[in-house]
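Please read the structure below before turning to the comments.
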Amino acid sequence: MFEVHLGTGDEGRGTSEPAPHPSPVPRPSSLYLIDLPGYGYARASHAERQAFRGLLVHVLERPRLAGVVWLLDIRRDLSSEDLAMQDTFAAAGTPVLAAITKGDKLRRGQRLVRAAALRETLGVDTDQLILTSATTGEGIAELRAAVAGIIGA
């Protein structure tokens, strides 16, 4: 598990703030981003994937959890594990924002068709699914704004 703490800059790392980003996520007094291990295409045994699921369930039980940003590759069909993950989020009542990654890997028309298909399969509202590309920057500002909305900033 990887955890990043974005705080005020004086939590033992010195007092200098990082350079401002052109469209930063507003910072509450404490914001943790937790990157959980992969479960779909990771080279992991069935037992390891079950352990990942246990870790996820534990994280979803955190009382101060504001929500989940779920990264899904636009080029991949949803697996049975993805659908099980969706059921886990729903059972926990967790707000979910689906960030569809690697949008630059498909032509615009293909991206729109795939995003619509994923939206329908997941049964999420339009504002819960954001098409992104780290390469081109597409959707990154929208993703930041949506995360800010989830955390109430």
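The values are calculated or read from the model by the stated rules, or taken from the named source; none is laboratory data. Because the structure is predicted, anything quoted here is derived from the model rather than measured. All Cβ positions, glycine included, derive from the backbone under ideal geometry; neighbour counts span all protein chains shown.
Determine whether region 28-37 contains at least one residue that is modelled with pLDDT of 85 or more, under 23 Å from Leu143 (Cα atoms), not in a loop (DSSP other than H, G, I, E, B) and not aromatic (Phe, Trp, Tyr). Write out each step before concluding.
At the first step, the residues of region 28-37 found to be modelled with pLDDT of 85 or more are none.
Scanning region 28-37 turns up no residue that is modelled with pLDDT of 85 or more, under 23 Å from Leu143 (Cα atoms), not in a loop (DSSP other than H, G, I, E, B) and not aromatic (Phe, Trp, Tyr).
Give region 95-114 a look and list any residue that's surrounded by fewer than 18 Cβ atoms within 10 Å (Cβ to Cβ) and not small (Gly, Ala, Ser), or say none.
Residues of region 95-114 that are surrounded by fewer than 18 Cβ atoms within 10 Å (Cβ to Cβ), as a first pass: 95, 104-110, 112-113.
Across region 95-114, the qualifying residues are Pro95, Asp104, Lys105, Leu106, Arg107, Arg108, Gln110, Leu112, Val113.
From the list Arg62, Arg53, Arg144, which residue is of a type outside the set (A, V, I, L, M) and either crowded, with 17+ Cβ neighbours inside 10 Å or modelled with pLDDT of 90 or more (or both)? Spell out how you get there, then give the answer.
Working: Arg62 fails: either crowded, with 17+ Cβ neighbours inside 10 Å or modelled with pLDDT of 90 or more (or both); Arg53 fails: either crowded, with 17+ Cβ neighbours inside 10 Å or modelled with pLDDT of 90 or more (or both).
So the residue among Arg62, Arg53, Arg144 that is of a type outside the set (A, V, I, L, M) and either crowded, with 17+ Cβ neighbours inside 10 Å or modelled with pLDDT of 90 or more (or both) is Arg144.
From the set of residues in region 82-119 that are touching a Ser or Thr at 6+ places or on another chain (Cβ under 6 Å) and in a helix (DSSP H, G or I), which is nearest to Phe52 (Cα to Cα)?
The residue in question is Gly103.
For region 70-93, which residues satisfy the criterion of being crowded, with 17+ Cβ neighbours inside 10 Å and among the β-branched types (Val, Ile, Thr)?
Answer for region 70-93, where residues must be crowded, with 17+ Cβ neighbours inside 10 Å and among the β-branched types (Val, Ile, Thr): just Ile74.
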